[in-house]
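Have a look at the structure below, then the notes.
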Amino acid sequence: MTNSNSTPMSTAPAPALNSRVIGLAHHAARAVLEHVLVGYGLTFQQSVTLRLAAIADGPVERDALVGQVVDSLKVDEADIRAVVEELVAAKLVAPDPERPSRLTVTEAGLEAHTGSTAATAPLSARIYADIPTEDLAVAGRVLTLITERANAELTATK
């Protein structure tokens, strides 16, 4: 069975939402993104970090940038500090001459960010095609609630 876009559709009943279903969706979507990022010489962690620098209104404090990525990805701070240094070495971000503790996205960094975002857009559009807006809104609310609760549990265990 296929939908109007000739995409195979499962006839099996949909599983209840759980961590496995969320994880499978995350890893599948991330694999698509990583396939695009290779063409820009970026890793997933680099792209997340670069995005935050690229969408900022100006230079960002290095520590704040690292903190945002660590909080989002739940990874080791030292790993993200290394990612920042990789982005500096690749000249995708640069220390602010006025305050070296701040980083600013370079023209090359902005091009890598906008290019990879543009290259990902049609893939995302196909992935989300034909999913009713109401379903996406419900999924968004549920996943936001799960994220909030998981973050609270993680905080409580520290």
Do you know which residues across the stretch 17-49 are among the β-branched types (Val, Ile, Thr), assigned to a helix (DSSP H, G or I) and more than 28 Å from residue 158 (Cα to Cα)?
32, 36, 38
Please determine, by comparing only the residues of the stretch 94-106 that are assigned to a loop (DSSP other than H, G, I, E, B) and open to solvent by less than 40 Å² (accessible area, probe 1.4 Å), which one is farthest from residue 46 (Cα to Cα).
96
Could you list, in sequence order, all residues of the stretch 50-93 that are open to solvent by 60 Å² or more (accessible area, probe 1.4 Å), in a helix (DSSP H, G or I) and not small (Gly, Ala, Ser)?
51, 55, 63, 68, 71, 77, 79, 81, 85, 86
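The values are calculated or read from the model by the stated rules, or taken from the named source; none is laboratory data. Every value quoted in this text rests on a predicted model; they were computed, and no experiment measured them. The area values use the complete protein model at the heavy-atom level, side chains included, leaving out ligands, DNA and RNA. Shrake-Rupley method; radii C 1.70, N 1.55, O 1.52, S 1.80 Å.
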